[in-house]
1. With 10 angstrom as the radius, rank A:20, B:104 by how many other C-beta atoms surround their C-beta, starting from the fewest.
2. Just want to confirm a number: the relative contact order over segment B:85-241, from Cα pairs under 8 angstrom separated by 6+ residues, in percent.
3. If you add up the charges near residue A:91, with Lys and Arg at +1 and Asp and Glu at -1, over every other residue whose beta carbon is less than 15 angstrom from its beta carbon, what do you get?
4. Compare the Cα positions of B:15, B:55, B:38 along the charge dipole of segment B:5-73 (+1 at Cβ of Lys, Arg; -1 at Cβ of Asp, Glu; about the Cα centre) and return the one farthest towards the positive end.
5. Write down Rg/Rh for segment B:85-241, rounded to two decimals, with Rg from the C-alpha atoms and Rh from the Kirkwood relation over Cα pairs.
6. Charges at C-beta only: +1 for Lys and Arg, -1 for Asp and Glu. How large is the resulting dipole of segment B:85-241 about its Cα centre, in Debye rounded to 20?
7. Size of segment B:5-73 along its principal axes in angstrom, Cα-based, largest extent first?
8. List A:110, A:21 from most exposed to least, where exposure is judged by having the fewest other Cβ atoms within 10 Å.
Amino acid sequence: MADRIVEPQELSRSANELLVMAALDRGAGHGYQLALDVEERSGGAFRFNHGTLYPILHRLEERGLVAGSWSDDSSGGRRRKSYALTENGRKHLVAEREAWREFFRRFWPMVEEDR
Amino acid sequence: MNEYGSVLRSLSDRLDLPQPARSRVLIEVAADLADLEAVYIDRGSTPEQAREQALERLDLSDEAIRELVRVHGSRLRRGLDRLGETGRRRGERLALVALLVFLVAGTRALLPSWGLLADAGRGLWVVSLVAIPGILLSITKGYALWGRDEYDPRKLRTGLDAILALGGLTAATGLTLWWFGLRTAAEASAQSPELGPAYLIAWLTSGSATVVVSFQLAILLGMLWLILAGRTARVERGEAEMLLIEELGQPKGGER
């Protein structure tokens with residue numbers, strides 16, 4: 001597992017998926033809550049709008065890494081969708097974290113200034 | 001119409017997705033917009049500012065829409081999309097012609113070997129002539145629903161009841177042929193009484209086979225209609241619910 005690194009052409013997609021899955025690992029939530037969580041924890045460095053977030057969440061759901069469930073708001077009767085990591089999603093998250101660690105372990109020596 | 005109504009309407013126009021996937025995306029967006037607005041109000045924004053901030057976060061670009069369509073479209077549709085519009089139309093026509101040839105050739109090949117069809121004789125061709133347009137129409141509707149992910153209820157409803165009507169007409173044709181056969185046999189028996197039993201046996205064999213085949217085809221068309229009407233009703237419910245979301249911005253009940 002440690003040998004796998006993130007493919008350079010997949011960096012953006014993989015980074016976004018990892019951010020969303022890591023937010024879900026901290027707790028299930030609605031799309032907007034995940035976006036706010038990522039933004040606040042990163043001090044505003046990573047900001048998801050819905051245009052980025054929904055395709056990611058729905059793709060992860062389609063792959064079985066995330067499970068979406070509908071609930072009715074008891075007061076207003078509004079239907080809302082919340083997301084949680086599945087068991088496969090947790091395993092995938094562990095593997096992805098490892099792949100990113102490996103990526104940076106190999107990446108930094110390539111770009112750091114020679115001293 | 002509420003403050004998000006126009007945004008949701010515009011989004012629904014851009015989302016080229018079948019139901020219920022389209023209404024689900026819209027319900028999710030509508031609920032998130034309302035919740036996000038509430039969060040910004042809690043953080044001190046005025047309702048107007050909160051609404052603007054929530055809308056600012058929406059930003060569903062064409063690329064995002066394409067990705068959503070890709071994720072939610074059926075596998076068949078994804079494959080067809082790769083063919084392009086011209087290739088797809090050509091493929092559709094070719095498939096319909098191939099199907100028609102298969103139906104005619106298949107029936108012709110089965111006729112001598114399958115007792116029931118052989119007994120039905122010319123009656124089979126007459127009831128087939130009525131039933132085949134219904135079968136072809138069902139296939140076209142099925143392809144629109146599951147292959148092309150069509151979601152315009154008006155287009156889906158057009159011609160749908162004709163399938164049921166053709167089913168009824170097929171059964172009625174079978175019964176008419178049965179009666180016509182009886183009348184012919186009775187007239188022939190009256191002219192040649194010694195051949196009466198033979199005429200009646202011939203009528204019993206071919207007439208009953210025609211009736212059975214016509215009823216089987218009618219039941220098949222009825223079942224096809226049931227499946228297609230059920231799916232179309234589901235699409236209509238989704239569309240109706242979506243209109244409610246666009247009008248009120250408050251998704252309540254309905255499709256899950």
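Here, each number is a calculation from the coordinates, and none is a lab measurement. Keep in mind that what you see is a predicted model, and the values were worked out from it rather than measured. Here the Cβ positions follow ideal geometry from the backbone for every residue, glycine too, while neighbour counts run over all protein chains shown.
1. On the way: A:20 26, B:104 12.
Starting with the residue having the fewest Cβ neighbours, the order is B:104, A:20.
2. Values: 149 pairs, mean separation 50.1, N = 157.
About 32 percent, as a whole number.
3. Numbers: positive: A:4, A:63, A:90, A:97; negative: A:17, A:25, A:87, A:96, A:98.
Taking every Cβ under 15 Å from that of residue A:91, the sum is -1.
4. Value: B:15.
5. Values: Rg = 19.8 Å, Rh = 17.6 Å.
A ratio of 1.13.
6. The calculation lands at about 440 debye.
7. 40, 21, 19
8. Details: A:110 6, A:21 23.
Exposure proxy ranking, most exposed first: A:110, A:21.
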